[in-house]
Amino acid sequence: MPLRRLFDYLAPPGAVAGELSRGMRIRVPFGRRRLVGILIEVAERSSIPPAKLKPALEIIDREPVFDERLLEFLLWAADYYHHPLGEVLATALPVALREGAAARGIDERWQLTRTGRDEAAGIPGGRAPRQRALVERLAQSAASPTELESLGPRWRETLRHVVARGWVESIEAPLSIATLSAGIVTPGPNLTDAQAGVLRALTAASGKFAVSLLHGVTGSGKTEVYLRVAEELLHANQQTLVLVPEIALTPQLVGRFSERFTTSLAIIHSSLSEGERLAAWRRARSGEAGIVIGTRSAVFTPLARPGVIIVDEEHDGSYKQQEGFRYSARDLAIVRAQRFGVPVILGSATPSLESLENARAGRYSRLLLPERPGAARHPRVAIVDLRHHVAHEGLATPTVDSITRHLQAGGQVLVYLNRRGYAPTLFCPGCAWLAPCQACDARLTVHLRSQRLRCHHCGAQEAMPLACPQCGHEVKPVGQGTERVEDLLRDRYPEVQMARLDRDSVRRKGDLQSILSRVASGEARILVGTQMLTKGHHFPDVTLVVIVNADQGLFSADFRASERLAQTIVQVAGRAGRASRPGEVLVQTEFPEHPLLKSLLTSGYDGFAAAALEERAQAEWPPFSRLALLRADARDAQAPFEFLDAAREAGNLSQHGAVQLFGPVAASMARRAGRHHAQLLAQSRSRAALHRFLARWVTALEAIKPRQGLHWSLDVDPQDLM
Ligand SMILES: [Zn+2]
Ligand SMILES: [Zn+2]
């Protein structure tokens with residue numbers, strides 16, 4: 001339940017002393033419902049009078065679903081993010097377990113003990129019919145939970161009684177060590193000197209907590225380092241947990257692991273069925289899976305013998321959950337590693353400014369992979385100044401000339417822009433009407449292929465009008481999306497095969513693979529796409545990368561926008577020239593003099609990061625301060641402000657100057673999906689001071705009676721201030 005408190009129950013009837021331990025699931029009555037709860041503490045007394053305490057209904061687990069260390073880690077996370085514990089614990093469990101499914105898989109079997117065999121005949125038939133039925137069933141053969149379910153819904157309770165009497169025992173064959181370490185098949189390629197050096201440093205750091213920031217330029221072979229680390233740990237009978245931003249977009253990384261090892265891989269991501277998810281969770285927990293690869297929520301996966309946590313593309317924004325329990329999987333991976341006493345590796349070609357600052361301050365060790373293996377060379381980056389070269393349909397003449405040149409030389413071309421669809425909006429030249437979303441303060445995007453207008457914020461869509469609904473004038477699409485740039489290039493190069501990679505082009509299963517293989521085989525020679533292009537795909541024959549517009553990130557109100565822009569440019573540019581062909585990168589911009597863009601182009605990502613960190617230090621933005629954002633939204637435009645004004649008042653009462661409050665202000669898109677959004681920012685130079693403040697503030701916020709239908713949430717370390 002989304003409540004910041006615990007509930008007390010009596011032990012279930014018949015529970016045997018010592019049977020209850022923290023982290024077990026129990027079934028409890030809750031109002032008129034029966035819910036699954038997690039046992040947090042066993043106590044001798046309660047503040048609730050005994051007469052009012054209800055007994056729990058049953059114990060679901062024989063052993064905790066969260067072991068002591070994992071439970072402590074989750075309690076810490078709930079505390080740090082000031083989020084209701086129940087929702088935190090639920091996030092950490094597959095849905096099937098939240099609903100009470102067995103934590104043990106088919107490996108769980110039950111059999112009669114010798115005593116059980118001897119005494120089974122002596123069970124009085126009339127007094128304990130269920131026990132008798134269970135024992136008679138097991139007298140035939142050992143049985144799994146599925147087989148025992150035919151005995152009725154309360155078979156587990158019955159089982160506990162006969163186990164307590166010493167008549168029945170479980171037979172779970174412990175997994176042999178051989179299962180893990182026999183799992184290596186293909187030897188990897190020879191390591192470069194840089195890779196070998198990094199591996200030595202990582203090996204030296206193994207067996208204890210340490211954070212290594214593996215800063216390797218795109219194509220420098222970070223994945224090979226991960227594979228070697230995992231291999232060493234498999235030999236030592238330990239598990240590797242790899243976090244990735246999005247599994248569907250990174251099939252190559254998963255492929256590399258599954259090709260290298262025959263050990264059982266547990267892959268955990270959002271498009272698994274609930275059954276598959278539960279099976280992967282079980283294999284990770286039992287230790288059967290030597291390697292666990294998963295997205296954000298996999299940071300909570302129980303591991304029998306954790307050896308290392310790897311966070312690939314640690315800068316990626318998708319590690320931050322943006323609703324409900326708003327945690328950062330990257331940050332929690334570090335906390336978990338610390339609590340479990342294992343090393344953590346943060347890998348990226350474009351590390352977050354937070355991680356770079358931690359490395360600079362000596363909290364993380366920074367390991368560099370500066371060279372590309374083999375003959376691959378770094379691409380040359382040039383600016384196309386849009387003030388001097390007018391762009392037709394998004395592409396300026398020098399850009400088109402370069403594309404022609406690279407195609408003629410047999411190269412492949414990659415064109416990046418961060419807008420899917422045909423055009424960002426539909427415009428009427430007669431009366432200046434712009435197609436609006438009815439539910440958001442946003443324009444509808446033109447999707448010409450499907451003849452629809454779509455809102456990329458709330459999902460609303462409608463048929464595309466041919467004439468202006470206000471004045472009847474003919475309307476026209478304005479601006480560029482991936483579809484439009486694709487059309488332009490098709491007109492320009494009718495002989496050349498093309499592919500487009502964005503969320504619209506990979507709607508069906510297999511679409512992504514088929515696009516990637518058309519590019520990899522060289523059949524498609526021009527690839528137009530969005531951010532999806534940055535996700536680690538390997539296109540060895542791409543010699544030219546075009547960034548259609550660099551400007552959106554330069555003047556955003558969000559202090560992280562320039563960091564994201566620099567990361568995108570470097571990541572997209574990294575797709576060029578990865579084999580022996582030298583690459584070229586063209587960045588189209590109207591602001592070639594912008595200082596951050598200049599530092600990026602003249603001194604690379606490191607130069608950009610140094611300049612951007614300097615700017616953050618002066619403005620006291622993270623990592624030089626800590627933030628928490630209180631958001632509120634409601635159908636009524638005033639309600640969020642009323643709530644946040646009250647919140648501000650409550651905050652002022654209890655602060656001591658170490659925490660400053662800014663706002664409330666409307667969110668940058670105030671109306672989304674018919675609801676009005678506003679926010680209040682809390683900032684402090686001291687993390688400890690901020691958290692002392694938040695602990696008191698949350699209690700005060702819960703005492704505010706908001707208007708009906710108002711939602712509020714607290715986001716600690718927000719990624720997005722918009
Ligand atoms: Zn009009
Ligand atoms: Zn909308």
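The values are calculated or read from the model by the stated rules, or taken from the named source; none is laboratory data. Note that the structure is a prediction, hence the values are computed from the model and not measured. In this analysis, Cβ positions are derived from the backbone assuming ideal geometry, glycine residues included, and neighbour counts consider all displayed protein chains.
Among the residues examined, Gly410 does not qualify as more than 20 Å from Arg484 (Cα to Cα) and either assigned to a strand (DSSP E or B) or within 16 Å of ligand 1 (Cβ to nearest atom) (or both).
Under the condition of being surrounded by 15 or more Cβ atoms within 10 Å (Cβ to Cβ), more than 16 Å from ligand 1 (Cβ to nearest atom) and either on the phi < 0 side of the Ramachandran plot or in a helix (DSSP H, G or I) (or both), the residues counted in the range 455-491 number 16. Residues that are within 16 Å of ligand 2 (Cβ to nearest atom), modelled with pLDDT under 90 and touching a strand residue (DSSP E or B) at 6+ places or on another chain (Cβ under 9 Å) do not occur anywhere in the range 394-411. Residues of the range 589-603 include at least one that is within 30 Å of Val415 (Cβ to Cβ), buried (at least 16 other Cβ atoms within 10 Å of the Cβ) and β-branched (Val, Ile, Thr). The single condition among (1) away from ligand 1 (no atom under 16 Å from the Cβ); (2) in contact (Cβ under 8 Å) with a residue 24 or more places away in the chain; (3) among the hydroxyl-bearing types (Ser, Thr, Tyr); (4) out of contact with any His (no Cβ under 6 Å at 6 or more places or on another chain) that Ser450 does not satisfy is (2). In the set Glu357, Glu288, only one residue is over 15 Å from the mean Cα position of the chain (by Cα), farther than 30 Å from Ser713 by Cα and either free of Cβ contacts under 8 Å to residues at least 40 places away in the same chain or buried (at least 18 other Cβ atoms within 10 Å of the Cβ) (or both); that residue is Glu288.
Here the range 302-324 is the region considered, the condition is being surrounded by fewer than 21 Cβ atoms within 10 Å (Cβ to Cβ) and not polar (S, T, N, Q), and the residue that is nearest to Thr218 (Cα to Cα) is Gly317. Restricting the range 434-450 to residues that are among the hydrophobic types (A, V, I, L, M, F, W, C) and within 14 Å of ligand 2 (Cβ to nearest atom), the residue that is farthest from Gly479 (Cα to Cα) is Ala439.
Being within 16 Å of ligand 1 (Cβ to nearest atom), free of Cβ contacts under 8 Å to residues at least 60 places away in the same chain and among the hydroxyl-bearing types (Ser, Thr, Tyr) holds for only one residue in Thr425, Thr397, Thr445, and it is Thr425. Looking only at residues of the range 20-41 that are assigned to a strand (DSSP E or B) and basic (Lys, Arg), we find that the one that is surrounded by the fewest Cβ atoms within 10 Å (Cβ to Cβ) is Arg33. Going by what's in this entry, would Gly663 be described as assigned to a strand (DSSP E or B) and without any contact (Cβ under 8 Å) to a residue 24 or more places away in the chain? Yes; evaluated as a whole, the condition is true for this residue.
Report yes if Leu70 is touching a helix residue (DSSP H, G or I) at 6+ places or on another chain (Cβ under 9 Å) and either part of a loop (DSSP other than H, G, I, E, B) or without any contact (Cβ under 8 Å) to a residue 60 or more places away in the chain (or both), otherwise no.
Numbers: touching a helix residue (DSSP H, G or I) at 6+ places or on another chain (Cβ under 9 Å): yes; either part of a loop (DSSP other than H, G, I, E, B) or without any contact (Cβ under 8 Å) to a residue 60 or more places away in the chain (or both): no.
So Leu70 fails the test.
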